[in-house]
1. Any chance you could count how many residues in the stretch 1-11 are open to solvent by less than 50 Å² (accessible area, probe 1.4 Å) and either in a strand (DSSP E or B) or more than 16 Å from residue 70 (Cα to Cα) (or both)?
2. Within the stretch 19-36, which residues are open to solvent by 40 Å² or more (accessible area, probe 1.4 Å) and outside any strand (DSSP E or B)?
3. Taking residue 76 as the residue in question, decide whether it is under 16 Å from residue 1 (Cα atoms), under 12 Å from the mean Cα position of the chain (by Cα), at pLDDT 90 or above and aromatic (Phe, Trp, Tyr).
4. Suppose we keep only residues that are in a loop (DSSP other than H, G, I, E, B) and open to solvent by less than 30 Å² (accessible area, probe 1.4 Å) within the stretch 37-82. Which one would you say is nearest to residue 27 (Cα to Cα)?
Amino acid sequence: TGSDDRTVKLWDSRSGSRLATLEIAVKAVMSVAFSPDGHLGLAGSSDQSVRVWSLKTGRVMHTLTGHSAKVYTARFTPDSKS
């Protein structure tokens with residue numbers, strides 16, 4: 001899940017317990033997506049950027065900038081390559 005507190009929280013869908021809290025963004029996280037191969041996450045933010053992070057390490061790998069407004073949706077292609 002993404003939040004106004006600039007974090008992404010990862011949850012165990014079976015137990016409902018929180019697995020991790022990742023400080024991803026500079027401002028509110030508007031959307032979260034996961035690559036089909038399970039290696040990467042995306043976080044669209046109200047700071048007009050998208051961050052790509054490693055699910056293994058929790059570290060941001062890339063910050064994609066250039067939007068002129070909040071990023072409400074970010075998605076991976078089915079092949080996870082673009």
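The values are calculated or read from the model by the stated rules, or taken from the named source; none is laboratory data. The structure presented is a predicted model; accordingly, all values stated were derived computationally and were not measured. All accessible areas refer to the heavy atoms of the entire protein, side chains included, with ligands and DNA or RNA removed. Shrake-Rupley method; radii C 1.70, N 1.55, O 1.52, S 1.80 Å.
1. Initial filter on the stretch 1-11 (open to solvent by less than 50 Å² (accessible area, probe 1.4 Å)): 2-3, 7-10.
Next, only the ones that are either in a strand (DSSP E or B) or more than 16 Å from residue 70 (Cα to Cα) (or both) stay: 2, 7-10.
Residues flagged as open to solvent by less than 50 Å² (accessible area, probe 1.4 Å) and either in a strand (DSSP E or B) or more than 16 Å from residue 70 (Cα to Cα) (or both) within the stretch 1-11 amount to 5.
2. Matches in the stretch 19-36: 26, 27, 36.
3. Values: under 16 Å from residue 1 (Cα atoms): no; under 12 Å from the mean Cα position of the chain (by Cα): yes; at pLDDT 90 or above: yes; aromatic (Phe, Trp, Tyr): yes.
No: the conditions fail for residue 76.
4. So in the stretch 37-82, the residues in a loop (DSSP other than H, G, I, E, B) come out as 37-39, 46-49, 55-59, 65-82.
Cutting the leftovers down to open to solvent by less than 30 Å² (accessible area, probe 1.4 Å) gives us 46, 49, 58, 71, 74, 80.
Working: 46: 6, 49: 10, 58: 18, 71: 11, 74: 16, 80: 26 Å.
Here the residue is 46.
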